[in-house]
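Okay, so here's the structure we're looking at.
The values are calculated or read from the model by the stated rules, or taken from the named source; none is laboratory data. In this text the structure is predicted, and so the values were computed from the model without any measurement. Glycine gets a Cβ as well: all are built from the backbone with ideal geometry, and neighbour counts include every protein chain shown. The protein model used for the area step is the full one, side chains on, heavy atoms only, and it has no ligands, DNA or RNA in it. Shrake-Rupley method; radii C 1.70, N 1.55, O 1.52, S 1.80 Å.
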Amino acid sequence: MELIVQKREIFGKKVKSLRERDFIPAELYGHGFENIHLSVPAKNFSRVFKEAGASAIIKLKVESDKEKDEYNVLINNFQRSPLTNEISHIDFYSVRMDEKITAAIPLEFINESPAVKEKIGILIKAMHEIEIEALPADLPHHIEVDIGNLSDIGMSIRVKDLKINKGVKLLVDRETVVAVINEIAKEEEIVAPISVEEVKVEGEEKKKEKEEKKEE
């Protein structure tokens, strides 16, 4: 996947004018060079981000007046506007293809648990992403979690049960629970409300008990 961007010469409050023209201010950083300020076409970024997510390598083509440089990058971070929920800033991280990196890979739960389907249990997802180490080219877009065999209360899937591609190292304890079937909580017994008359009688009885104790 490729994304063409431009070097940015607008900073501070002036970046508002970029967003009004459907550009997103961004930063490119990495080992061995200074940060590069960028302007990213919002429409093109949305398309690439939908396909790549935060774990796929993107070929970033940076255009300037004199040249066009290319970088292999990850979408390291992004911010959204609290008002519009649109992406308002992006951080790209330049990677070397011959150096391993760590990344948080999203988990994708597939199939249907028989326990949930038959309404004898509820699926608890204990993890939604997992940290790994791999060469950039080996980074998976996601890792599948097959819950199709969870047929009874207490059954679980642990990290060691996940199918991991060659060249990918998990950085999480292999015994860590990814998902588990719990028993469906039983409805609490409904307690009948106490009437005013009952409260009054109860109060009078306690008052009578106190008077009897005084007489003793």
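Which entries in 59/125; 100/163; 100/169 show an alpha-carbon gap greater than 22 Å? Could you put the intermediate results ahead of the total?
Values: 59/125 34 Å; 100/163 20 Å; 100/169 10 Å.
In this structure, 59/125 lie more than 22 Å apart at Cα.
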Exercise. Would you mind putting 58-64, 47-53 in packing order, based on average other-beta-carbon counts within 10 Å, highest first?
Key: 58-64, 47-53
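Run the accessible area of segment 28-152 with a 1.4 Å probe and give the carbon-and-sulfur part as a rounded percent.
45
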Quiz item: Amide H to amide H, which residues 5 or more places from residue 4 or on other chains are under 5 Å from it, using H placed in the peptide plane?
Solution: 61
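Residue 175: net charge of surrounding residues, Cβ under 15 Å, Lys/Arg +1, Asp/Glu -1, itself excluded?
+1
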